[in-house]
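Visitor: Here's a structure for you.
The values are calculated or read from the model by the stated rules, or taken from the named source; none is laboratory data. Just so you know, these numbers come straight off a predicted model, no measurement behind them. Note that we place each Cβ from the backbone using ideal geometry, even for glycine, and neighbour counts take in every protein chain shown. In case anyone asks, the SASA skips ligands and DNA or RNA and just uses the protein heavy atoms, side chains included. Shrake-Rupley method; radii C 1.70, N 1.55, O 1.52, S 1.80 Å.
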Amino acid sequence: MLSFSVSVMVIPLLMRGVVPMDDYPFRNISLPWEDRVNDLVGRLTLAEVMFQLAKGGFGRFGGPAPPIKRLGIGPYSWNTECLRGDAEAGNATSYPQAIGLAAAFSTDLIFRVSEATAVEVHAKYNDYVKKGQYGDHKGLSCFSPVINILRDPRWGRNQETYGEDPYFAGEYAAHFVSGLQGNHPRYIRANAGCKHIAAYDGPENLPVSRMFFDAKVTERDLRTTFLPAFRRCVKAGTYSIGCTYTSLNGIPTCAHKRLLTDILRNEWHFTGYVFSDEGAVENLKYGHHYASNIVDMAADCLNAGCNLELSSDISFPAYLSILEGVKQKKLNESFVRESVKPLFYTRMRLGEFDPPELNPYTKFDMSEVESPEHQALAVEAAGKTFVLLKNAGHFLPLRNKYNTVTIVGPMANNSLQLFGDYAPQSLPQYITTPLAGLSPLAENIKYAEGCDDTNCATYDAASVKNAVRDTQLIIVCLGTGQAVEMESRDRHNLSLPGYQQQLLQDVVANRGGAPVVLLLFNACPLNVTWADESDDISAIMECFFPAQGTGKALYNVLTYQSMASPAARLPNTWPKYSSDIGLMTDYSMIGKTYRYFKGETIYPFGYGLSYSQFKYAGLTMQRTIEAGQDIHGSVTVYNIGKYDTDEVVQFYMSWVNSTVPTPLIQLVSFSRVFLQRGSNTIVQLTITAEQMAVWMDNKGWVVQTGRMMVYAGGQQPHQIKSVGSNVLSWSFKIVGFKVLGRY
């Protein structure tokens, strides 16, 4: 058994201003985690337990969790944001917004971004502890990732998600969790917190406020669309799950015992902690009118399974009434004590109560923050998020050195709006806008913003018309940014904001024959039908919110610098007609997302062009399997074009004769692979029994007898707007009937 001197234990504790107590069993590293947690919690008064449960919020009153000096336990800050970098905590590397990372269709990329984020989070945490600083965004517990489904293209928080497919969101979530938490056998680097469970997918403020919105969701939609990514997150080992502001079928989710206990803990065997969204516990009374007083707010949420209250900055968070709840017999003391155990277990696994020499993450220092390696990753990641939507006559990549290039539009040099919501605060010297990054394209760069901001309510047409005259290439930068879409801000429609379309049309009308490249910076789909169909627009590229590496990444991809090329795919459907979208408040999945959508699209889910060309061949797998078995197969993909580049291989499945409703089609696997021109590679496929299963309300998930179709290619099967490559199909039969149960 390892032993350590008292002096080893004293160092980190003195930094916290607390008294070292190294003889308690909860500090004994030879004991099982459960014994250590039980010992620690058993030494707390009920009042001390209450404060630990109540202080997860922000501001002077919301957090951090207070120290327990008599036991040598320091304060702890719970509210850290790690969506794609350490947000709201001083300078940090800012990676592309989540929706852009999703477009990369690369689990390797999201893993590396999450890993780099965790390194900076832990490095800054070490520095904060050394300086005795605690409070907002100074801990190791991340309220990330956001794995809600992009169900309605107008929802303001779509940018924080991984798109519209629950399987895809689950795979991304799992790799984010793994990258953040690390693979050390004893310690976690930072802990993930998947949010917001469940059916929190709009609205924010239109047509009603999220603070009192009640999502009416069928059991089938809940199980097949809104819960799968959260279950995948739990299977990946997340330490926490966040509940929402909204209600689910009449019950606020933070007080939803069936959701937080029956499903999350009993069906999925989740053992971590549940945290509320900020102010969601108080919202039981003030938004939903579900609880009539503060004691009931606390009792309803804690009894349902919400361990940690994230209050807004109010002097008396609801969970500070827990003692009164016990007194009124609305809460059981032993249950209250059990509720705090996942919090201390998490802190133990983060290394708080162990000698620092055992934990390799304590060695991270501030040199990790915005390190050259992380800056390079930010540029690489941005380039891998760009989706080429149009490339008439193979205009891109740019081949010429120009004398004069014009760059116009409200997103051309707006470093704030290029980041999206929940972005880290990158140092200015690491940020490149499109204007700065693309300046090497020509000896003379002309520029006109055209609009004061991305709302583009005021438009200076003269400046744009003057800028596009006598030039050889025009790059137009349009989009939205936080000014148009973000948390608490839904979109009214999918049109380009304000006068942005007029700006684009003025560019075309006054360009004097110069080719036009349109760059879009947004999260929600935009109606760019005019640009897509116009012969005067040579290329369109969707860039999402690429953050600090925007300009450098654009230059690399537009010029095929170092083989950087567009290979991303849309993680969401771009509907052509607003009439096909439906109501934001209607949670039926009928007609929503590519899985159920029957309308016409501008661009379908999974769409994206390449500089090269690809061909698929040799899709093979079994023809018959028993119900409950997995099926395995493979396909060969060939790069038959002129460029070395990535290809995103997509596998879809459909149920031919199911007796219950199923999606029209379902993504079951994807892989981003690099192929040199003239080369090929074999991509393996496994479809699990769980993926083949359908939901029956009376039985849960079952695998039925029937025929299944599988498709392999660089796009969905049967899509009208093709990326140019072929799609292969295969049919297999399931024999028998297998009940998999409820999950």
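Visitor: First obtain the Kirkwood hydrodynamic radius of segment 622-743 from its Cα pairs, then insert it into the Stokes-Einstein equation at 37 °C and 0.692 mPa s, and state the resulting D in µm² per second as a whole number.
Guide: This corresponds to a translational diffusion coefficient of 210 µm²/s.
Visitor: Using per-residue counts of other Cβ atoms within 10 Å, averaged over each peptide, order 130-136, 337-343, 627-633, 113-119 from highest down.
Guide: Answer by packing, highest mean first, reads 113-119, 337-343, 627-633, 130-136.
Visitor: Further question on the same structure: Just to verify a number: FRET efficiency for residue 535 and residue 562, C-beta to C-beta distance, R0 = 35 Å, to 0.05?
Guide: Numbers: r = 32 Å, r/R0 = 0.91.
Efficiency for this residue pair is about 0.65.
Visitor: On to the next question. Evaluate E = 1/(1 + (r/R0)^6) for residue 598 and residue 729, where r is the Cβ-Cβ distance and R0 equals 22 Å; express this FRET efficiency to the nearest 0.05.
Guide: Efficiency, rounded to the nearest 0.05: 0.65.
Visitor: Using 0.36 nm per residue of separation minus the Cα-Cα distance, give me the extension gain between residue 643 and residue 183 in nm, one decimal.
Guide: Taking residue 643 through residue 183 to full extension adds about 162.0 nm, to one decimal.
Visitor: Are there cysteines in the chain with no other Cys C-beta under 4.7 Å, and if so, which?
Guide: 477, 524, 543 - these cysteines have no disulfide-compatible partner (Cβ-Cβ under 4.7 Å) in the chain.
Visitor: Take each of the peptides 31-42, 223-234, 508-519, 313-324, average the number of other beta-carbon atoms within 10 Å over its residues, and list them starting from the highest.
Guide: 223-234, 313-324, 508-519, 31-42
Visitor: Along its principal axes, what span do the Cα atoms of segment 474-545 show, with the longest given first and each in whole Å?
Guide: Its Cα atoms span 42, 20, 18 Å along the three principal axes.
Visitor: At a 1.4 Å probe radius, carbon and sulfur cover how many percent of the accessible area of the chain?
Guide: Within the chain, the accessible surface is 51 percent carbon and sulfur.
Visitor: Apply the Debye scattering formula to segment 564-660, with a single equal point scatterer on each alpha-carbon and no solvent, then give log10 I(q)/I(0) at q = 0.11, 0.21, 0.23, 0.25 Å⁻¹.
Guide: The Cα Debye sum returns log10 ratios of -0.54, -1.12, -1.17, -1.25.
Visitor: Report the equivalent ellipsoid semi-axes for segment 418-516 in whole Å, largest first, defined as the square roots of five times the eigenvalues of the gyration tensor built from alpha carbon atoms.
Guide: After scaling each eigenvalue by five and taking roots: 25, 20, 10 Å.
Visitor: So the label point goes 7 Å from the Cα of residue 677 along Cα→C-beta, right? Which residues of segment 537-573 then have their backbone N under 20 Å from it?
Guide: Counting only backbone N, you get 556-568.
Visitor: Next question. Stretch residue 502-residue 620 to full length: gain in nm at 0.36 nm per residue minus the Cα-Cα span?
Guide: Result for the pair: 37.4 nm of gain on full extension.
Visitor: Evaluate E = 1/(1 + (r/R0)^6) for residue 69 and residue 656, where r is the Cβ-Cβ distance and R0 equals 56 Å; express this FRET efficiency to the nearest 0.05. Each step should come with its number before you reach the end.
Guide: Numbers: r = 66 Å, r/R0 = 1.18.
Between residue 69 and residue 656 the formula returns 0.25.
Visitor: If you consider only alpha-carbon coordinates, what radius of gyration and Dmax does the chain have, in Å?
Guide: Reported Rg and Dmax, both Å: 26.4, 81.
Visitor: On to the next question. Would you mind working out the accessible area per residue for the chain, using a 1.4 Å probe, and quoting it in Å²?
Guide: Result: 35 Å² of accessible area for each residue.
Visitor: Multiply the residue separation of residue 509 and residue 455 by 0.36 nm, subtract the distance between their alpha-carbon atoms, and state the gained length in nm to one decimal. Display every interim value, and only then the final one.
Guide: Numbers: separation 54, 0.36 × 54 = 19.44 nm, distance 2.24 nm.
Extra length available between residue 509 and residue 455 comes to 17.2 nm.
Visitor: Right, something else. Gap in Å between the Cα centre of segment 706-737 and the Cα centre of segment 665-681?
Guide: That distance is 15 Å.
Visitor: Please compute the Kirkwood hydrodynamic radius over segment 76-180, one decimal place, Å, based on all pairs of different Cα atoms.
Guide: So the Kirkwood estimate lands at 14.0 Å.
Visitor: Where in segment 694-728 does the amide nitrogen come within less than 14 Å of the point 7 Å from the Cα of residue 266, taken along Cα to Cβ?
Guide: So the set is empty, nothing qualifies.
Visitor: Relative to the longest principal axis of the chain, what angle (0 to 90°, nearest 10) does the C-alpha long axis of helix 166-181 take?
Guide: Here the helix axis deviates by roughly 60 degrees.
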